[in-house]
Amino acid sequence: MCGIVGAVAVNDITTILTDGLSRLEYRGYDSCGIAVYANGELHRTRTTERVSELVELINEAKITGLTGIAHTRWATHGAPTTNNAHPHFSRHEDQTYPNIALVHNGIIENHDELKSMLIEKGFEFESQTDTEVIVHLINYLYVDDLLCAVQQATGYLKGAYALAVMSRAEPHRIIGARHGSPLVLGLPADPNHISGHYLASDALALTGITDQIIYLEDGDIVDIQTNKYWVFDSTGSQIQRTIHTVHSQSVNTDLGPYRHFMQKEIFEQPRAVADTLHDIDSIEPELFGLLARKRFMEIDSILILACGTSYYSGLTAKYWLESIAKIRVEVEIASEYRYRESVPNPNTLIITLSQSGETADTLAALKHAQTLGMHKTMTICNVSTSAMVRECELAYITRAGVEIGVASTKAFTTQLTALYLLTLVLAKLKNLLSQEDEAEALKNLKHLPVAMQDVLNLEPQIKKWAEKFAQKEHALFLGRGMHYPIALEGALKLKEISYIHAEAYPAGELKHGPLALVTNQIPVVVVAPTDQLLEKLKSNMSEVKARGGELFVFSDNAGKIEQSSGMHVIRLPGVYGDLSPILHTLPLQLLAYHVACVRGTDVDKPRNLAKSVTVE
């Protein structure tokens, strides 16, 4: 969600900090800022505009320094204003100048309690953020050692945090700390030429600066100085963490022929799926890790933990896994699972789904499952170096590439691809997949990118529908069976980027309440592939049409659903069987995108949303 960059170096670090923020812009933010030490003082610049505006302000003020921290903020506590933007400063009533500067990702749950205590100690608050309590707390505890003050302060904090802290009294030093929010340490790329050390919330921010990365663990506190660093664990003991060579993906900001990154990423999906399959020629457990065969033979059920779009991919996979691999599957919203009493089963495979691998709710749910004794864990994730991959025994890395558009597209379809592959692996291990079935499944998977491109070619027809949708404020989406989660995903996409209120229902539930909403002012989108539920679905569509509803149906070339008054039909050029959910996702993405374009919303950065949700 928010972005952190920090640096202690032998040369001016302002460009390093702002370039790092620029690489994290795609995640979404509503303010940004920088603080550096120079000429004996802490200097700060903040704005509610883009990072490019921050750079202009830095240049105008001629801010330079060898030590500094920077931040992009997505508002949680307090509106997106300059006063609420990071970095935050602390100056006690008996101090002439600010003494501590701090940036923070996460949420401090006991900030009200801490704020009351700090006001009594003589600190004045200038923002509505929970973050400001941390900087004042560290200043309150500070004597003559910033590391000691941060170590003491973290003992007071309840919640999640990644911190980068600097002091006016110790100008060539930054202290970092993490608990529940990601933070990485960047080392000099050339160990024989140490020119500085770096902190960031994501290794991507340090692309071009260094590829030598330490992923800090929960409870770690790091002390970085120009020529050296120390890492301390949650007990305060100095430790060595593994150094990784990370080839971070660069964010390609070239739109080419596309209007927005979301449109570009929709059309990148055939390549992303092909890359995710990476030329597999057999269905083997080892695709998911060296321990996969052993673990898959030990399990009797699966629990999928995810949020948002990833949750819908899990719901889709439940249909595949239970019908093809004959294994019981539960799918839980991660933020709900960790707060309810459940019945653990040590023979359950826990699967987490996440684009970033840093989704706070999903990571917390994973750890909760582990505390219940469920240690057979796997993640399907798009970032091989993420916390989720490090936390799980098994992993399948999708190859969607970096998504810039906040509304997920290619991450979703590559997750579905990986989950279908998992279904085939488990079915084969249980002798439910014959050689002929395996060969046919592989053939269909290899053809999937081509079929996806054929569906994307329907864009001109979908654009015409968008003109009708753009005038509406409400919409219903219907699906049955494994296409119900696809309807949910279609409704979510429309909500996220066009701001049209949209809801999805299993079509059979229509008469149990939602039918009351149907009028000629509420378009009803139907996902209607040719399958065993199509005739039932046709009956549900008749219920809508009989009440004056206007239907927009995504069928296929075998569906025999005819266009008529109040019934608009777009036929996908094929019948896709088990892979139909992946193919039917694409037109729903295009519909949401083009409706948003007609309405003139900020497609890539929809209001109130951020790309990587690293707070609870």
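Output the residues belonging to region 166-196 that are in a strand (DSSP E or B) and buried (at least 24 other Cβ atoms within 10 Å of the Cβ). Step through it out loud before you land on a result.
At the first step, the residues of region 166-196 found to be in a strand (DSSP E or B) are 166-167, 170-180, 184-187, 196.
Of everything in region 166-196, those that are in a strand (DSSP E or B) and buried (at least 24 other Cβ atoms within 10 Å of the Cβ) turn out to be Met166, Ser167, Ile174, Ile175, Gly176, Ala177, Arg178, Val184, Leu185, Gly186.
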Inset, instruction - Scan Leu363, Leu349, Leu315, Leu321 and give me the residue that is modelled with pLDDT under 95 and aliphatic (A, V, I, L, M). - result: Leu363
Inset, instruction - Please give the number of the condition Thr207 fails out of (1) out of contact with any Asp or Glu (no Cβ under 7 Å at 6 or more places or on another chain); (2) under 25 Å from Asp130 (Cβ atoms). - result: (2)
Legend entry - Identity of the residue in region 369-394, surrounded by fewer than 23 Cβ atoms within 10 Å (Cβ to Cβ) and among the small types (Gly, Ala, Ser), that ends up nearest to Ala418 (Cα to Cα): Ser384
Inset, instruction - Restrict the check to region 517-531 and report whether at least one residue is part of a helix (DSSP H, G or I), in contact (Cβ under 8 Å) with a residue 60 or more places away in the chain and touching a Gly at 6+ places or on another chain (Cβ under 8 Å). - result: no
Legend entry - Scope region 556-612; condition assigned to a strand (DSSP E or B) and either in contact (Cβ under 8 Å) with a residue 60 or more places away in the chain or out of contact with any Phe, Trp or Tyr (no Cβ under 9 Å at 6 or more places or on another chain) (or both); matching residues: Ser564, His568, Ile570, Leu572
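Which one is modelled with the highest pLDDT among residues in region 73-99 that are over 17 Å from Glu49 (Cα atoms) and of a type in the set (Ser, Thr, Tyr)? Please lay out each step first, then the result.
Keep residues of region 73-99 that are over 17 Å from Glu49 (Cα atoms), which gives 76-77, 88-99.
Narrowing the set further to residues that are of a type in the set (Ser, Thr, Tyr) leaves 76, 90, 96-97.
Working: Thr76: 78, Ser90: 93, Thr96: 80, Tyr97: 83.
Per the stated criteria, the residue is Ser90.
Taking the stated definitions as given, is Ala427 small (Gly, Ala, Ser), outside the structural domain of Thr417 (by TED's automatic domain parsing) and out of contact with any Cys (no Cβ under 8 Å at 6 or more places or on another chain)? If you could, list the steps in order and put the result at the bottom.
Values: small (Gly, Ala, Ser): yes; outside the structural domain of Thr417 (by TED's automatic domain parsing): no; out of contact with any Cys (no Cβ under 8 Å at 6 or more places or on another chain): yes.
No.
Leu422: surrounded by 23 or more Cβ atoms within 10 Å (Cβ to Cβ), outside any loop (DSSP other than H, G, I, E, B), touching a residue at least 12 places away in the same chain (Cβ under 8 Å) and over 18 Å from the mean Cα position of the chain (by Cα), yes or no? Lay out the reasoning, then the answer.
On the way: surrounded by 23 or more Cβ atoms within 10 Å (Cβ to Cβ): yes; outside any loop (DSSP other than H, G, I, E, B): yes; touching a residue at least 12 places away in the same chain (Cβ under 8 Å): yes; over 18 Å from the mean Cα position of the chain (by Cα): yes.
So Leu422 fits the description; yes.
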Legend entry - Close pairs from region 371-396: first on the phi > 0 side of the Ramachandran plot, partner of a type in the set (A, V, I, L, M, F, W, C) and in a loop (DSSP other than H, G, I, E, B), Cβ under 9 Å, at least 6 apart: none
Legend entry - Count of residues meeting criterion [without any contact (Cβ under 8 Å) to a residue 60 or more places away in the chain and within 24 Å of the chain's Cα centre (by Cα)] in region 64-83: 5
Legend entry - Index of the failed condition, Tyr37 passing every other in (1) within 27 Å of the chain's Cα centre (by Cα); (2) in a strand (DSSP E or B): (1)
Legend entry - Failed condition for Leu537, given (1) of a type outside the set (D, E, K, R); (2) modelled with pLDDT of 85 or more; (3) crowded, with 20+ Cβ neighbours inside 10 Å: (2)
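Could you tell me which of the residues Thr226, Thr131 is under 22 Å from Gly40 (Cβ atoms), β-branched (Val, Ile, Thr) and out of contact with any Pro (no Cβ under 8 Å at 6 or more places or on another chain)? Even if it seems obvious, please write down each step before you answer.
Values: Thr131 fails: under 22 Å from Gly40 (Cβ atoms).
That would be Thr226, the only listed residue that is under 22 Å from Gly40 (Cβ atoms), β-branched (Val, Ile, Thr) and out of contact with any Pro (no Cβ under 8 Å at 6 or more places or on another chain).
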Inset, instruction - Would you point out the residue of region 580-606, among those that are within 30 Å of Ala325 (Cβ to Cβ) and in contact with a His (Cβ under 9 Å, 6 or more places away or on another chain), that is surrounded by the fewest Cβ atoms within 10 Å (Cβ to Cβ)? - result: Ser580
Inset, instruction - Quick one: which residue in Leu163, Leu147, Leu157 is within 22 Å of Phe89 (Cβ to Cβ) and assigned to a loop (DSSP other than H, G, I, E, B)? - result: Leu157
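Tell me, which residue of region 313-368 that is part of a helix (DSSP H, G or I) and of a type in the set (S, T, N, Q) is surrounded by the fewest Cβ atoms within 10 Å (Cβ to Cβ)?
So in region 313-368, the residues part of a helix (DSSP H, G or I) come out as 313-324, 334-337, 360-368.
Next, from what is left, pick out any that are of a type in the set (S, T, N, Q): 313, 316, 323, 335, 362.
Working: Ser313: 30, Thr316: 27, Ser323: 13, Ser335: 19, Thr362: 30.
By that ranking, first place goes to Ser323.
Have a look at Leu102, Leu137 and point out the one that is in a helix (DSSP H, G or I) and modelled with pLDDT of 95 or more.
Working: Leu102 fails: in a helix (DSSP H, G or I).
None of the others qualify; the one that does is Leu137.
Test Asp112 against the criterion of being in a helix (DSSP H, G or I), of a type in the set (Asp, Glu) and either out of contact with any helix residue (DSSP H, G or I) (no Cβ under 9 Å at 6 or more places or on another chain) or assigned by TED's automatic domain parsing to the domain that holds Thr226 (or both), and give yes or no. Let's see the steps before the verdict.
Numbers: in a helix (DSSP H, G or I): yes; of a type in the set (Asp, Glu): yes; either out of contact with any helix residue (DSSP H, G or I) (no Cβ under 9 Å at 6 or more places or on another chain) or assigned by TED's automatic domain parsing to the domain that holds Thr226 (or both): yes.
Here the answer is yes, as Asp112 does meet what is asked.
The values are calculated or read from the model by the stated rules, or taken from the named source; none is laboratory data. Only a predicted model underlies this, so the values are computations on that prediction, with no experimental measurement involved. Glycine gets a Cβ as well: all are built from the backbone with ideal geometry, and neighbour counts include every protein chain shown.
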